[in-house]
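Single-structure report; data block below.
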Amino acid sequence: MLRSFTLAAFVLVAAPLVAADPPGKKVAIVVGIDEYKNAKLGNLRFAGRDANALGLELDTLGFTTRVLTTDLKETRQPTKANIEAALKDATAGLTKRDVLLVFFSGQGLELGEGEAYLCPSDAKLFKDEKDTLIAVADLLKTVERAGAGNSFVLLDACRNDPDPTRGNGRDALTATRGVAVLLACSSGEKCYEDDTLKHGVFTHAVLTGLRGDAKDRTGKVTWDSLAAYVRETVPVAVNKITNGNRSQRPQLIANLVGPPVVFVPAK
């Protein structure tokens, strides 16, 4: 019996140790635009505040976050070139172990054919100058090509056509495998800011959800529980601040596989 025990102990000690895979990275690009160079777009009041607050929240959750707002220095201004450069830098070298999050708070629109666009700070509001805008479909392709295991896109931007004569087109957005998109409103709708909250209604729901209001039954805040919470609370809040005259219904487009990604673990 003694010899058998000694041999087993030797085998356990001599067996090679297998290193665990290192934890994946969590990176985020956060954009908030209050001031537009094109007066036709109109300025916002709380988009920059949205971005700064979410950036700080993501920092506490272990994300490496890059924030672009109109009150920062030139290289951090949310122009189209700077946003695209920040995306390129943040997505370089991502692997299937990593998580990518992209957030945008600012003006947005949909043209009659159902194409959704985000407006960087230097955007021009003309149909024949779409190259100054950021097509949401192109953004999603960039996110997909980044190669992260899970990618999340949060867009607090309107989806109405500024030319009412064109009407609303079909909803043309799709998500590829591993990508989830939560839009602040449905096609044809606008997004609303709240003077009391000093945030966009959508972003405020994202923030309060991450701070604990979106916990699931196990005490965690996952992407699934956060998306459900935002979709439930935003329409109620907008109905209240507009006295029932407007609707804002967040839309979820997702193609995720596997267990829900945890943003905030149970305490």
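Under a model in which nothing but the beta-carbon of Lys, Arg (+1) and Asp, Glu (-1) is charged, segment 101-152 shows a dipole of about 180 debye around its Cα centre.
Taking every DSSP bridge with both residues inside segment 153-255, close to 70 percent are antiparallel.
Between the residues SER186, ASN43, ASN255, the greatest Cα displacement towards the positive end of the dipole of the chain, with unit charges on the Cβ of Lys, Arg, Asp and Glu, is found for ASN255. The dipole here belongs to the chain: it is taken about the Cα centre, uses +1 on the Cβ of Lys and Arg and -1 on the Cβ of Asp and Glu, and is about 780 debye.
When you filter the GluC sites (Glu not before Pro) in segment 64-118 for DSSP loop state and at most 13 other Cβ atoms inside 10 Å of their Cβ, you are left with GLU113.
Each helix, a run of at least 4 DSSP H residues, gives -39500 (n - 2.57); summed and divided by the residues of the chain, these come to -9000 deg cm²/dmol at 222 nm. If you sort the three axes of the alpha carbon gyration tensor as a ≥ b ≥ c, you get a/c of 1.5 or more for segment 176-267 and a/b no higher than b/c, which makes it oblate. Among ARG159, ARG217, ARG66, ARG49, a tally of other beta-carbon atoms within 10 Å of each Cβ gives an order, fewest to most, of ARG217, ARG66, ARG49, ARG159. Between the residues SER225, VAL206, CYS158, the greatest Cα displacement towards the positive end of the dipole of the chain, with unit charges on the Cβ of Lys, Arg, Asp and Glu, is found for SER225.
Exposure proxy shown here: for GLU193, GLU144, GLU232, the number of other Cβ atoms within 10 Å sets the order, fewest to most, as GLU232, GLU144, GLU193. Of all DSSP-defined beta bridges confined to segment 33-164, some 40% are antiparallel rather than parallel. When the alpha carbon gyration tensor of the chain is reduced to an equivalent ellipsoid, the three semi-axes, largest first, read 40, 21, 17 Å.
Each label was represented as a point 7 Å from its Cα along the Cα-to-Cβ direction; for THR64 and ASP195 these points are 4.3 nm apart. DSSP bridge analysis restricted to the chain gives an antiparallel fraction near 35%, rounded to the nearest 5.
Against the longest principal axis of the chain, how steep is helix 223-241, in degrees 0 to 90 to the nearest 10, with axes from Cα atoms? Long axis of 223-241 versus the principal axis of the chain: about 30 degrees. Extension gain for the segment THR176 to ARG45, taken as residue separation times 0.36 nm less the Cα-Cα distance, is 43.8 nm to one decimal. From least to most packed, judged by other beta carbons within 10 angstrom and beginning with the fewest, ASP71, ASP122, ASP98 follow the order ASP71, ASP122, ASP98.
For segment 69-95 versus segment 25-62, the spacing of their alpha-carbon centroids is 12 Å.
Distance between the pseudo-spin-label points of LYS130 and VAL257 (7 Å out from Cα toward the beta carbon): 3.1 nm. Each of THR95 and THR75 was given a label point 7 Å from its Cα along the Cα-to-Cβ line. The distance between the two points is 2.8 nm. For LYS96, the lysines whose Cα falls under 24 Å of its own Cα, not counting residues fewer than eight places away in the same chain, are LYS25, LYS26, LYS88, LYS141, LYS220.
Computed from the coordinates by the stated procedures, all read-outs in this text should not be read as laboratory data. Keep in mind that what you see is a predicted model, and the values were worked out from it rather than measured. Every residue, glycine among them, receives a Cβ derived from its backbone with ideal geometry; neighbour counts consider all protein chains shown.
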